[in-house]
Amino acid sequence: MAEILITGAAGSIGTATTPLLRAAGHRLRLLDVQRPSAATDADDVRIASAVDDDAMRAAAAGTDLVVHLASFASERPWRDIVDVNVESTRVALDAARDAGAAILLASSVHAAGFVPSDEAGPGMPRTRPDTYYGFSKVVAEALGDLYADRFGMRIVSARIMTFGDRPHTARSRSTWLSPGDFARLVEAAIAVPPGNHVVWGVSANARRTVDLEPGRAIGYEPQDDAETHVEALAAELGLASPDGIRPVGSDPLGDAFTTNPLGEAW
């Protein structure tokens, strides 16, 4: 089993997936500016900022994998995005490099937010960010390329789509990423070969428009499908049947992020 450092462990993804990774036998180090609610006495909890070089190096030492989730998770003013999202990625890469660990970088669908959904595959589309937040994820992927090429690091840049316990929006019928599948993606990243592997963080949804093959190439085999929740989703949306859920079609991958004001917190 692996020793895994998770940054931003108090966030929604960390909270939902740390119990799954712990149950799989992995040893967890959880880093955040507050104690994660999902932490147990079995975990090594580090109360620190992900932009603190010394704290991150200490937390990563001796680990097999760094899972870098720490960032603002939606649009923010430019300076916030640069100071937190961009800087923490650089710090995390340096810490993983010094530890000799692999690293999973939480990129985002918003790195390619202006790509039309029906043009998203096969393979991985080029970056077309929809916000400053999306731009920060483009930077994360580019830094992943730099560190993989210069230092021979083992990196996964996961373009996370719609994470949650189950799909809660019409769009997430195509874009849902379950906690179980994110945990599977983390486990695939432990033994990833050298290079920066850009993959979709998405479940095996029958209605997805993105390609699972880049993830399968590193051993990521998602098992969950939004269709198993489609009746509950229709009821939540006030629809008589799933037939009323509008297909994604050619809408941009970034959805509302492509129309909200640039740089505003919303």
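The values are calculated or read from the model by the stated rules, or taken from the named source; none is laboratory data. Remember, it's a predicted structure, so these values are computed and weren't measured experimentally. Reconstructed Cβ throughout: ideal geometry from the backbone, glycine too, with neighbour counts over all protein chains shown.
Looking across the stretch 104-130 at every residue that is touching a residue at least 60 places away in the same chain (Cβ under 8 Å), closer than 19 Å to A73 by Cβ and among the aliphatic types (A, V, I, L, M), the one that is surrounded by the most Cβ atoms within 10 Å (Cβ to Cβ) is identified as L104. Screening A148, A189 for residues that are more than 15 Å from the chain's Cα centre (by Cα) and over 17 Å from V109 (Cβ atoms) leaves exactly one candidate, A148.
The single condition among (1) outside any helix (DSSP H, G or I); (2) over 19 Å from L143 (Cβ atoms) that P19 does not satisfy is (1). Here A140 meets the list (1) within 14 Å of the chain's Cα centre (by Cα); (2) not in a helix (DSSP H, G or I) almost entirely, failing just condition (2). Scanning the stretch 241-265 for residues that are of a type in the set (D, E, K, R) and either surrounded by 14 or more Cβ atoms within 10 Å (Cβ to Cβ) or part of a loop (DSSP other than H, G, I, E, B) (or both) yields R246, D251, D255, E264. Taking helices (runs of 4 or more DSSP H) as the structural unit, those lying wholly within the stretch 153-218 and holding at least 2 residues that are among the charged types (D, E, K, R) correspond to 179-190, 213-216.
Select from the stretch 29-83 the residues that are of a type in the set (A, V, I, L, M), assigned to a loop (DSSP other than H, G, I, E, B) and free of Cβ contacts under 8 Å to residues at least 40 places away in the same chain and list them in ascending order.
Across the stretch 29-83, the qualifying residues are V33, A38, A39, A42, A48, A61.
Within this structure, L65 fails the test of being buried (at least 22 other Cβ atoms within 10 Å of the Cβ), at pLDDT 95 or above, under 18 Å from L105 (Cβ atoms) and out of contact with any helix residue (DSSP H, G or I) (no Cβ under 6 Å at 6 or more places or on another chain). For the stretch 69-124, the candidate set comprises residues that are within 14 Å of the chain's Cα centre (by Cα) and hydroxyl-bearing (S, T, Y); within that set, the residue that is nearest to P252 (Cα to Cα) is S108.
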